[in-house]
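Beneath this line is the structure, given in structure tokens, with notes to follow.
The values are calculated or read from the model by the stated rules, or taken from the named source; none is laboratory data. All values reported here derive from a predicted model rather than from experimental measurement. No Cβ is skipped: glycine too gets one built from the backbone with ideal geometry, and neighbour counts run over all protein chains shown. For the accessible areas, the whole protein counts, side chains as well, though only heavy atoms, and no ligand, DNA or RNA atoms are used. Shrake-Rupley method; radii C 1.70, N 1.55, O 1.52, S 1.80 Å.
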Amino acid sequence: MSMFSLSRLGTRRYLLAGIFVATLQTVIVGYIIESRAAILRHGSDVMLRTAPVDPRDFLRGDYVVLNYDISLVPVHSIVGAIPTDAGERTLWVRVKRQDDGFWGIAESSFEGLPEQADTVVLRSQPFYSYGAQTTDNIHVDYGIERYYVPEGAGMALEQARQDGDVSIAVRVARNGTSQIRSLLVDGKPAYDEPIY
């Protein structure tokens, strides 16, 4: 086999490897985008009231940091066993529509919660628990604590949030994963996520 043939074979391998890597990256990015879009298309709608956060942390670059009333889960709302050993945990939180139109915590569990009429179950992000619960509330994140906004829009949203006028419409998948659908100011959509 000539040196020219070996060179072509090596070039062909590199080309095939490059095509494979590019295809794999495209598939991964497509999967991430489709999984979020699927939640927006098929998830259950939930309206959440935002809770105050330190205004110094509210705006970082081109996104808004959000906190919710349901971010503090009362320990008394937990059904089933509370783990006493330290480790990474996930909390399932059942929310139900309240008289004011916003959704609040009905119950929570360290085990999955079954479907129930007129409620939606959100799954928290994994968090580390040190064991025996010594506080009245457990702070959890749901993966919807950051919302990207157009450049320059943060100051008006910060003021609206300080005035208590910002709420978030969320869609929740059957597995408890949530995705922000829209950000509302004074009950009117200010920013909507496209549904593909």
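Entry comment: accessible area of the range 66-196 is 55 Å² per residue, from protein heavy atoms only and a probe of 1.4 Å.
Report the gain in length on full extension from residue 174 to residue 118: 0.36 nm times residue separation, minus Cα-Cα distance, nm rounded to one decimal.
18.8 nm
Restricting the chymotrypsin sites (Phe, Trp or Tyr not before Pro) of the range 112-194 to loop positions (DSSP other than H, G, I, E, B) with no more than 10 neighbouring Cβ atoms within 10 Å leaves 130. Length, then width, then depth: along the principal axes, the Cα atoms of the range 63-196 run 46, 32, 30 Å. Taking 0.36 nm per residue of sequence separation and removing the Cα-Cα distance, the residue 146/residue 96 pair yields an extension gain of 15.7 nm.
Applying 1/(1 + (r/R0)^6) with R0 = 22 Å to the Cβ-Cβ distance of residue 186 and residue 69 gives a FRET efficiency near 0.75.
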